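J.: Sharing a structure below in structure tokens format, with a few things to ask.
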Protein chains: 2
Amino acid sequence: MNTDARAEVGSERTEEIIEHLFALVDRLRAAFETTVAAFDLSPPQAKALRYLAHAGPVPMRELACGLHCDASNVTGIVDRLEQRGLVERRAAPTDRRVKSLVVTPTGEALAVEVWSRVADGALTFVGLTDDEQTTLLMLLRRLDHGPGAACWLSRDGSV
Amino acid sequence: MNTDARAEVGSERTEEIIEHLFALVDRLRAAFETTVAAFDLSPPQAKALRYLAHAGPVPMRELACGLHCDASNVTGIVDRLEQRGLVERRAAPTDRRVKSLVVTPTGEALAVEVWSRVADGALTFVGLTDDEQTTLLMLLRRLDHGPGAACWLSRDGSV
DNA sequence: TATTGTTATACTCTATAACTATA
DNA sequence: TATAGTTATAGAGTATAACAATA
């Protein structure tokens, strides 16, 4: 049927992949929301905490980009995280307009705990064998090079 | 490291899988919204149209279950689809309370077109070879047997 | 003049509660 | 009394526009 190594689009198999993928997405989101809610975090708050814990001190603007949302949203998200003592707004030395977001030790610890729970909560993968998980990871690495992964912050194309 | 065929939870690899999976989910949702918007459909409308095209005539209640949302939502979703002549509300013969949802020929054709575009729009998979797609599908089939796939409609446990 | 962060505002999706008509 | 569908309403998440401070 298909002698080429590269598969055609729109085949029955592609549709089945899409169907499974959408079902998986729904379950992942539901599990994620339940897990972070147990820590009294909204999904955007949990994602922000994770981003900051991984990316280190960054301006509000970069967090907005990392969360793929408008800059006006992060104000409220960071407000809540700051009220709980998980992150801090600090003045940036180079530009007095920007506020540098720093994760506190408390926030760091919570980020680790929350996201290990999220990973555990994805019980889905418990059913996969060691080899299957390795295979899945290899495929995901290849899938993650499409558009949408980058951050279109600058206007000169320098990423 | 891990001699058991079943992998432990919370490992570094599990976290990397989660990370890739979340990034993939974001890109899938963005591509999906863009694609269906080109047909002047909201994501819930597109999902409802697909469900009805696949499941045949069903009551509003079952559609709500299929969409994993409250029954009060489907009223507006079906309103819009009916205004465009894509689906019809018909009286059910057995119970005058229920309304049977039927997809019109126009709706059927649109459902096919929209969802083949959605599959195409997931350009992500174009980069996967034929063998890789087959492998992915096998994994997805295994992943799709977790909770959340069922419909908890009845009260006597009869599905 | 342009940019950072904020505020005000509106729109969408979703859930809860109250209502009707049937059963 | 319980259920199917509808309506009214509220909440969360996100986007646009206008603003103040700074570059």
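J.: Taking R0 as 30 Å, what's the FRET efficiency between A:Glu33 and B:Ala23 from their Cβ-Cβ distance, rounded to 0.05?
T.: So, using R0 = 30 Å, E works out to roughly 0.95.
J.: Between B:Arg97 and B:Glu82, what is the label-to-label distance in nm when each label sits 7 Å out along the Cα-to-Cβ direction?
T.: 1.8
J.: Could I ask something else about it? What would the Debye formula give as log10 I(q)/I(0) at q = 0.14, 0.21, 0.27, 0.30 Å⁻¹ for the alpha-carbon point model of the stretch A:43-85, no solvent?
T.: -0.25, -0.58, -0.99, -1.22
J.: State, to one decimal in nm and shortest first, how far the label point of B:Ser42 sits from each corresponding label point in the other identical copies (label point: 7 angstrom along Cα-to-Cβ).
T.: Its label point is 1.9 nm from the equivalent points in the other copies.
J.: Largest first, please: the extent of the C-alpha atoms of the stretch A:3-144 along each principal axis, to the nearest Å.
T.: Principal-axis extents of the Cα atoms in the stretch A:3-144, largest first: 60, 31, 24 Å.
J.: Hey, another quick one. How fast does the stretch B:4-78 diffuse by Stokes-Einstein, in µm²/s, taking the Kirkwood radius from C-alpha pairs at 25 °C and 0.890 mPa s?
T.: 164
J.: Quick one: Cα convex hull volume of the stretch B:81-123, Å³ per residue?
T.: In the stretch B:81-123, the Cα convex hull volume per residue is 82 Å³.
J.: Aspartates and glutamates within cross-link reach of B:Lys99: Cα-Cα under 16 Å, excluding same-chain residues under 8 positions apart?
T.: By straight Cα distance, B:Lys99 reaches B:Glu62, B:Asp79, B:Glu82, B:Glu88.
J.: So how do A:Val87, B:Val118 line up by other beta-carbon neighbours within 10 Å, fewest first?
T.: With the fewest neighbours first, A:Val87, B:Val118 line up as B:Val118, A:Val87.
J.: So what is the relative contact order for the stretch A:3-144, in percent, with contacts set as C-alpha pairs under 8 Å and at least six apart?
T.: Once divided by the residue count of the stretch A:3-144, the mean separation gives 23 percent.
Every number in this text was worked out from the coordinates using simple rules, so none of it is lab data. Everything numeric in this text was worked out from a predicted model, so none of it was measured. A quick note on method: Cβ atoms are made from the backbone with ideal geometry, for glycine too, and the neighbour counts reach across all protein chains shown.
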